[in-house]
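Every number here is computed from the coordinates shown, using simple stated rules; none is lab data. On a predicted model such as this, the values are computed, not experimentally measured, just so you know. Cβ coordinates were reconstructed from backbone atoms using ideal geometry, including for glycine residues, and neighbour counts include every protein chain displayed.
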Amino acid sequence: MNVSTLQEMGFGEESDEEILEITTENRCILLTNDKDFLVIASRMQRDKRLFAPIFFWAQQGRSPGTVA
C-alpha cells in the first residue's frame, strides 16, 4: 500500500473539486478532515457521478497516523 500527500504527487494549489477529480482519476482514497469534501461528494452523488472514496476524520488533535 502506498500513501502519498498531494504535494508528493506534484499537486498543491488545486481547488477541492480538482483534488477530488485527481484522486478519482488516480484511483486513490482521500483522507481528509475538510468538511467541504463531504459537501462536494454529496453533490456528486446526487448527480450520479463517481468519485474517489473519502475517509473523513475529525482531527481533534490526532494525526492521520493515529486514526484507527
Checklist entry - Under the condition of being hydrophobic (A, V, I, L, M, F, W, C) and closer than 11 Å to E17 by Cβ, which residue from the stretch 36-56 is farthest from the chain's Cα centre (by Cα)? => result M44
Checklist entry - Cβ-Cβ below 6 Å, separation at least six or inter-chain, first residue in the stretch 35-57 and under 18 Å from E25 (Cα atoms), second part of a loop (DSSP other than H, G, I, E, B): which pairs? => result A41/F51; M44/F51; A52/C28; P53/I29
Checklist entry - Any idea which residue in the stretch 12-62 is nearest to N2 (Cα to Cα), counting only those that are part of a loop (DSSP other than H, G, I, E, B) and in contact with a Pro (Cβ under 8 Å, 6 or more places away or on another chain)? => result I29
